[in-house]
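No lab work stands behind these numbers, since they all come straight from the coordinates. Only a predicted model underlies this, so the values are computations on that prediction, with no experimental measurement involved. Neighbour counts are summed over all protein chains in view; Cβ atoms, including those assigned to glycine, are modelled from backbone coordinates with ideal geometry.
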Amino acid sequence: MNAPAVLISEVGPRDGLQSITRSMPTEAKQRWIHALAGAGLREIEVASFVPPKLLPQMADASAVVEDAIRIPGLTVLALVPNLRGAEAAVTAGAHKLTLPVSASRAHSQSNLRKTPEEAVEEVRRVVALRQDSSRHFGIEVGISTAFGCTMEGRIDEAWVIRLAMMLVEAGVDSVGLSDTTGYANPAQVKRMFRQLHAELGDKAGGAHLHNTRGQGLANVVAALDAGVTTFDASQAGLGGCPYAPGASGNIVTEDLVFLLESMGLDTGVDLEALIAARHILADALPGEPLYGHLPDAGLTKGFHYARDTHEAHS
């Protein structure tokens, strides 16, 4: 099977659930992750390895990872804020670790209790863990607040790119850019990702974009124009950042898949199966708002998946 033209990295089980005050039962999380993978999502961020007293929603992180790694063909991601979290995630068997490093000094202190430079040093320690480990695992960073911050406002773009270069020098596999607070606009997204690709080459990572101010899918198109091929999204638009005021609104996975497939870009995802997975969320988190235009409006008449069109022409 050919790799999809665009990789969608589903972050709902981590980013989505940690932003909800209620805890989703472990068994429901596991069923949801299996359903998401069954719909064709090949990369899922399933948990965050943080102290349960800080995020009780993630207290079952090890059990969730240990179950998810049994799903054939799925790359299992875990967010880790520090070396201790990385050790726990690697023990559980996560295939890839993602570390948060913020370009905003105020957000970095709020989120990690570290300066950005100290966060880079923590990343170095995780890279050293991999060098000393018998297990291979990927390490990626998404630079938080790369496009602006609710606490600081404008973030210097040159500083963001310099921080990305520091992270590559520290030994990570890739560095992406995250619109943690929904400040980005399409012109800025295209400009910054082009600069990221120019400086980092094949270590330039994906886009984590929010729809807080309605710019999410427009920013996706701008990132595509800049050569981005990996996008984070959350089923039903769950999530945001609990440590950044007003940072609601992850891109809705269902809407993103429809956008990309409509543009002729293969995602490998089955939309009917993806929409069906929402029922697990609705049952496990009754009353929780679930977003998405496509689930409300349905598929367009005559809709075709990009992969079917490509096969018909081959």
FRET efficiency (Q109, D156; Cβ distance; R0 22 Å; to 0.05) is 0.80
For 48-56, 78-86, 264-272, ranked highest to lowest by mean beta-carbon neighbours within 10 Å, the order is 78-86, 264-272, 48-56
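Once you sort the root eigenvalues of the Cα gyration tensor of the range 175-314 as a ≥ b ≥ c, which label holds: rounded (a/c under 1.5), prolate (a/b larger than b/c) or oblate (the other case)? Display every interim value, and only then the final one.
Values: a/c = 2.12, a/b = 1.09, b/c = 1.94.
Oblate.
Could you give the size of the charge dipole of the range 7-313 about its Cα centre, using +1 on the Cβ of each K and R and -1 on the Cβ of each D and E, expressed in debye and rounded to the nearest 20? Intermediate results must be reported in sequence, preceding the final value.
On the way: 26 positive and 36 negative charges, 122 e Å.
For the range 7-313, the charge dipole is close to 580 debye.
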Rounded to one decimal in nm, the spacing of the 7 Å Cα→Cβ label points at A297 and A63 is 4.0 nm
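In Å, the Kirkwood hydrodynamic radius of the range 1-71 over pairs of distinct alpha carbons?
Details: mean 1/r = 0.0792 Å⁻¹.
Computed over the range 1-71, the radius equals 12.6 Å.
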So, with points 7 Å from each Cα along the Cβ direction, the L290-E272 label distance in nm works out to 1.8 nm
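Starting with the highest mean, order 204-210, 296-302 by the number of other Cβ atoms within 10 Å, averaged over the residues of each peptide. Each step should come with its number before you reach the end.
Values: 204-210: 26.4, 296-302: 9.1.
Going from most to least packed, we get 204-210, 296-302.
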Note, P295: beta-carbon cut-off 12 Å, +1 each Lys/Arg, -1 each Asp/Glu, net -3
Percent antiparallel among DSSP beta bridges confined to the range 156-314, nearest 5, equals 25 percent
Checked against the positive end of the charge dipole of the chain (+1 on Cβ of Lys and Arg, -1 on Cβ of Asp and Glu, about the Cα centre), the farthest of L36, L79, G216 is L79
As a percent rounded to 5, the proportion of antiparallel DSSP bridges among beta bridges in the chain is 10 percent
In nm, the gap between the two label points placed 7 Å beyond Cα toward Cβ at D308 and R191 is 4.1 nm
In debye to the nearest 20, the charge dipole size for the range 31-153, taken about the Cα centre with +1 at each Lys and Arg Cβ and -1 at each Asp and Glu Cβ, equals 100 debye
From the Cα centre of the range 13-74 to that of the range 88-130, the distance in Å is 19 Å
